Amino acid sequence: MTVTAQGSVPAGVIAALLEKGYRVAREAAAEPSVRVNGKAWPAPPGAGAAVAAEVDAYVRGDAPVPAAAWKPWFPVIDYKRCTNCMQCLSFCLFDVYGVSGTGQIEVRNQTNCKTDCPACSRVCPEVAIMFPKYRHGPINGDAVSADDVRREAMKVDISALLGGDIYSLLRDRSEKAKSRFSKERDDERALKERQNCLVTMGKALGVPAEVLASLPSVEEIQAKAEAARQRAEEARKLAGQS
Amino acid sequence: MARQNPGILYCYCKFARIIPNEVKTGVLERLAGSDLDFDAVPDLCEMSARKDPRLAEVAPGSKVIACYPRAVQGLFHSAGHPLPAGVEILNMRAGTADEIVQSILPAGAAA
Ligand code: SF4
Ligand code: SF4
């Protein structure tokens, strides 16, 4: 819904309308007015929140106040850098990535992405994945320096040294934890192993604790990783053909 | 944004506090106090995720006031509406309100 603000409507009114989720088309005009569906609201200076609340009540009518909106947090690919290597597709456990009809990687299920988790941007060897709302560059879209590229490449090497990829790291640690568990019946220790592994992953990739806590089971992760590898393989073949 | 002519598109970045408040409100105050037409949207990221068709309405020569140009270009691209050539992206994460407004308002009107 677009609200039209004409003339010298105070910035506070415009900001309050934006806070409520309205788009505001500001048009220069002699007389200040705020118009919604042809209806005018008085917009006195300093009355931003009041005007926005009135507009909102009018537009919603009897409809209930909507639940808190989703924070738009999702990866954005810089196709000028992306080499279609499919590492992000293989890595993401939440099916955020997909492949286009021509075999091109794409972000398909934005709302599946875990808020504040930038992990896939760290596995991209080309620094091609951005999260515009991330705090630091170059993940936030700031220019990519030669140092950034070197650092990301090093991270990929480190994860390879740790055991091929992050899934095998998780799996190996879990296997160790399991065998210890069966030998020693020390479930606390097994849990600690898994937690240590998750802490390592969290630190290396910047994954928030809530996301780590919501990871699927190791078996599910393995199944997903395998399915993703197959999809990536098919996509690579498709891209090679086109 | 439903304009054939170059326009000004301001992003309020509603869902995150990544843009310094003095820049975000400073730019909006100066735009509101000018006699320029402009469009203000709550959050370009959210529009991109919804593939909002109105993202296709940014005309060549327009100015988009948001965040890092690489991110903004990527958001339009992933919505299926790449920005046309000649759109200037002004970055509220890096510039001051004065710097941004000075590159928009006609000379002498930025005070
Ligand atoms: S990991 Fe990076 S380079 Fe590889 S496909 Fe994904 S975005 Fe492209
Ligand atoms: S485009 Fe940039 S400024 Fe606008 S909502 Fe997204 S992160 Fe915020």
Problem set entry | Complete set of residues in the range B:29-83 that are within 16 Å of ligand 1 (Cβ to nearest atom) and not charged (D, E, K, R) | B:ALA71, B:GLN73, B:GLY74, B:LEU75, B:HIS77, B:SER78
Problem set entry | Where a residue in the range B:54-72 is among the polar types (S, T, N, Q) and its partner, wherever it lies, is not in a helix (DSSP H, G or I), with Cβ under 6 Å and at least six apart | B:SER62/B:PRO6; B:SER62/B:GLY7; B:SER62/B:VAL87
For this session: Name the single residue, out of those in the range A:96-123 being away from ligand 1 (no atom under 15 Å from the Cβ) and among the β-branched types (Val, Ile, Thr), that is nearest to A:ARG229 (Cα to Cα).
Result: A:THR111
Problem set entry | Residues of the range B:28-75 satisfying the condition of being more than 10 Å from every other protein chain (Cβ to nearest Cβ) and in contact with a helix residue (DSSP H, G or I) (Cβ under 7 Å, 6 or more places away or on another chain) | B:LEU55, B:VAL64, B:ILE65
Exercise. In the list A:ASP116, A:ASP95, which residue meets the criterion of being within 16 Å of ligand 2 (Cβ to nearest atom) and not hydroxyl-bearing (Ser, Thr, Tyr)?
Worked result: A:ASP116
Exercise. Give me the pairs: first residue in the range A:8-37 and under 18 Å from B:LEU9 (Cα atoms) and without any contact (Cβ under 8 Å) to a residue 60 or more places away in the chain, second residue assigned to a strand (DSSP E or B) and among the aromatic types (Phe, Trp, Tyr), beta-carbon distance under 7 Å, and six or more apart or on different chains, which are they?
Worked result: A:ARG26/B:PHE38
For this session: Go through the range B:68-88 and count every residue that is more than 19 Å from A:TRP70 (Cβ to Cβ), within 14 Å of ligand 2 (Cβ to nearest atom) and not in a helix (DSSP H, G or I).
Result: 4
Seminar exercise, completed: With criteria (1) charged (D, E, K, R); (2) more than 11 Å from every other protein chain (Cβ to nearest Cβ); (3) more than 9 Å from ligand 1 (Cβ to nearest atom), A:GLU126 comes up short on (3)
For this session: Please tell me if A:ALA16 is outside any helix (DSSP H, G or I), surrounded by 14 or more Cβ atoms within 10 Å (Cβ to Cβ) and among the hydrophobic types (A, V, I, L, M, F, W, C).
Result: no
For this session: May I ask you to say which residue of A:ALA29, A:ALA40, A:ALA25, A:ALA67 is of a type in the set (Gly, Ala, Ser), touching a strand residue (DSSP E or B) at 6+ places or on another chain (Cβ under 7 Å), at pLDDT below 80 and away from ligand 2 (no atom under 16 Å from the Cβ)?
Result: A:ALA29
Exercise. Limited to the range A:48-95, what total is found for residues that are within 14 Å of another protein chain (Cβ to nearest Cβ), near ligand 1 (Cβ under 9 Å from one of its atoms) and either of a type outside the set (Val, Ile, Thr) or assigned to a loop (DSSP other than H, G, I, E, B) (or both)?
Worked result: 6
Seminar exercise, completed: B:LYS51 passes all but one of the listed conditions (1) of a type outside the set (Gly, Ala, Ser); (2) surrounded by fewer than 18 Cβ atoms within 10 Å (Cβ to Cβ); (3) in a helix (DSSP H, G or I); the exception is number (3)
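The values are calculated or read from the model by the stated rules, or taken from the named source; none is laboratory data. These figures come from a predicted structure and were not determined experimentally. Backbone-built Cβ (ideal geometry, glycine too); neighbour counts: all protein chains shown.
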